[in-house]
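Just below is one structure, and these are the notes that go with it.
The values are calculated or read from the model by the stated rules, or taken from the named source; none is laboratory data. Computed from a predicted model, the values in this text were never measured in an experiment. Positions of Cβ are generated from backbone atoms using ideal geometry, with glycine treated the same way; all protein chains shown enter the neighbour counts. In case anyone asks, the SASA skips ligands and DNA or RNA and just uses the protein heavy atoms, side chains included. Shrake-Rupley method; radii C 1.70, N 1.55, O 1.52, S 1.80 Å.
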Amino acid sequence: MSRISETRLEIKPWEDKDLQLLFQLNAPEMMEHLGGPESNEQILKRHQRYLQIGDKGCMFSIIPFPEAKAVGSVGYWQKVWNDEFVYEIGWSVLPSFQGKGIASQAVKALIEKIKAERNNKYIHAFPSITNPASNAICRKLGFNLISECEFEYPPGSIMKCNDWCLELE
């Protein structure tokens, strides 16, 4: 598989038309590390949250060229972690586009946007401890592994994650 160069990838703010992408990203193989697929109602609610995130973050669709169609999502949102305001970052790329560097490039592009805002000092990522690809992206992009932690996600399930932290300069 060939890697897509950074000049051939765009992240665009989430739009109403991205709902179909959200349904595609809800496939069982995509939700394996996140407690399984969500119901249609949960997807519709997630889509509305993405559209209405406001000044607390932003969700983006990932568009590599020449495909010119969204193949994943990347986003960030503000949260309180260890009594401090931080950004949490997350991403997802459709299976047929994985392994091509798309997620790494999209996360890198988003980090640059977040740095320009200069609102918080840290970005955290919390991939499942059983998700080697997402943990590798964190390592590749210079995040520091802080510790393992647990989240209730989805509600009713405990998810074991790695807490990766990137200090913004």
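Compute the length gained on full extension between LYS121 and TYR153: take 0.36 nm times their separation in residues and subtract their Cα-Cα distance, giving the result in nm to one decimal. Mind dumping the intermediate values first?
On the way: separation 32, 0.36 × 32 = 11.52 nm, distance 2.52 nm.
Working it through step by step, the gained length comes to 9.0 nm.
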Using a 1.4 Å probe, how large is the accessible area of LYS100, given in Å² and rounded to the nearest 10? 40
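Under the classification rounded if a/c is under 1.5, otherwise prolate if a/b is larger than b/c and oblate if not, where does segment 1-127 fall, given a ≥ b ≥ c as square roots of the Cα gyration tensor eigenvalues? Mind showing how you got there, number by number?
Details: a/c = 1.57, a/b = 1.15, b/c = 1.37.
Oblate is the answer for segment 1-127, as a/c is 1.5 or above yet b/c matches or exceeds a/b.
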At 1.4 Å probe size, put TRP77, TRP164, TRP91 in order of accessible surface, largest to smallest. TRP77, TRP91, TRP164
Projecting the Cα atoms of ALA125, ALA109, GLY72 onto the charge dipole of segment 15-129, where Lys and Arg contribute +1 and Asp and Glu -1 at Cβ, the residue farthest towards the positive end is ALA109
Answer in debye to the nearest 20: the dipole magnitude of segment 9-53 about its Cα centre, from +1 Lys/Arg and -1 Asp/Glu charges placed on Cβ, is 160
Just how much of GLU148 is accessible, in Å², when a 1.4 Å probe is used and the result is rounded to the nearest 10? 130
Once neighbouring chains are kept in place and the probe is 1.4 Å, which whole percent of the accessible area of segment 39-168 is contributed by carbon and sulfur? 51
Once the whole set of protein chains is in place, how much accessible area is left on VAL80, using a 1.4 Å probe, in Å² to the nearest 10? 80
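Quick check for you: with a 1.4 Å probe and neighbouring chains kept, what is the accessible area per residue of segment 52-169, in Å²?
On the way: 5970 Å² over 118 residues.
Each residue of segment 52-169 exposes 51 Å² on average to a 1.4 Å probe.
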Cross-link candidates for LYS45: which lysines have Cα within less than 25 Å, leaving aside residues fewer than 8 places away along the same chain? LYS12, LYS17, LYS56, LYS69, LYS79, LYS160
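Using the crude model of +1 on Lys and Arg Cβ and -1 on Asp and Glu Cβ, and no other charge, please compute the dipole size for the chain relative to its Cα centre, in debye to 20. Before the final figure, lay out each step's value.
Values: 19 positive and 22 negative charges, 102 e Å.
Approximately 480 debye in magnitude.
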Dividing the helical contributions, -39500 (n - 2.57) per DSSP H run of n ≥ 4, by the residues of the chain yields a 222 nm value, nearest 500 deg cm²/dmol, of -8000 deg cm²/dmol
Net dipole in debye of segment 81-169 [+1 Lys, Arg Cβ; -1 Asp, Glu Cβ; about Cα centre; nearest 20]: 520
